[in-house]
Amino acid sequence: MGKEVMITPPFWCDYGYNISVGDYFYSNHNLVITDGAKVKFGDNVFIAPNCCFTTAEHAIDPELRKFGIEVAKPITVGNNVWIGAGSVILAGVTIGDDSVIGAGSVVTKSIPGGVVAVGVPCKVMREISELDKRRYPTYRS
């Protein structure tokens, strides 16, 4: 675990020892991590309320599923990533540095760095640009 980590309860996980968290990590209420495989968060990651990171996959074939066939694939979240409220990040996904995942997204495939991605399934909407620096007011003394 990195420095200045804040996890707002409740927080749920399967094991805990498969989770690594970088510096300046913040998660809001109701974070769920099923960590049958490694789940790695970089530095400066912000997670909004009601998000789920699940490394588990079950067989699609009903006969295999009936026998409990399950695998776990790792999840990696880069540095400076913001995950919007109610998002679900599925097994085997990597989210690149500096990206934003919009609220309510279901991330089924890896997302590159430096983008805003949204939807079900989550897709890249656009790159983050210099214009984004002027989107919100700044206050100077």
| remark: Those residues of segment 9-33 which are without any contact (Cβ under 8 Å) to a residue 24 or more places away in the chain and either in contact with a Leu (Cβ under 7 Å, 6 or more places away or on another chain) or among the hydroxyl-bearing types (S, T, Y) (or both) amount to F11, Y15, Y17, S20, Y24, Y26
| said: Filter segment 53-69 down to the residues that are surrounded by fewer than 17 Cβ atoms within 10 Å (Cβ to Cβ), at pLDDT 95 or above and either among the aromatic types (F, W, Y) or under 12 Å from the mean Cα position of the chain (by Cα) (or both) and list them by number. | reply: none
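In this structure, is A48 in contact with a strand residue (DSSP E or B) (Cβ under 8 Å, 6 or more places away or on another chain) and among the small types (G, A, S)?
So A48 passes the test.
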| query | Considering only segment 14-44, how many residues are touching a Phe, Trp or Tyr at 6+ places or on another chain (Cβ under 9 Å) and not in a loop (DSSP other than H, G, I, E, B)? | reply | 11
| remark: Those residues of segment 1-25 that are surrounded by 13 or more Cβ atoms within 10 Å (Cβ to Cβ) and in contact with a strand residue (DSSP E or B) (Cβ under 7 Å, 6 or more places away or on another chain) come to a total of 13
| field | Selected residue [crowded, with 17+ Cβ neighbours inside 10 Å and either over 17 Å from W12 (Cβ atoms) or in contact (Cβ under 8 Å) with a residue 40 or more places away in the chain (or both)] from A72, A48 | value | A48
| task | Would you mention how many residues in segment 107-141 are in a strand (DSSP E or B), over 10 Å from the mean Cα position of the chain (by Cα) and closer than 18 Å to A48 by Cβ? | result | 6
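The values are calculated or read from the model by the stated rules, or taken from the named source; none is laboratory data. Nothing here was measured: the structure is a model prediction, and the numbers come from that model. Glycine also receives a Cβ, built like all others from the backbone with ideal geometry; neighbour counts cover every protein chain displayed.
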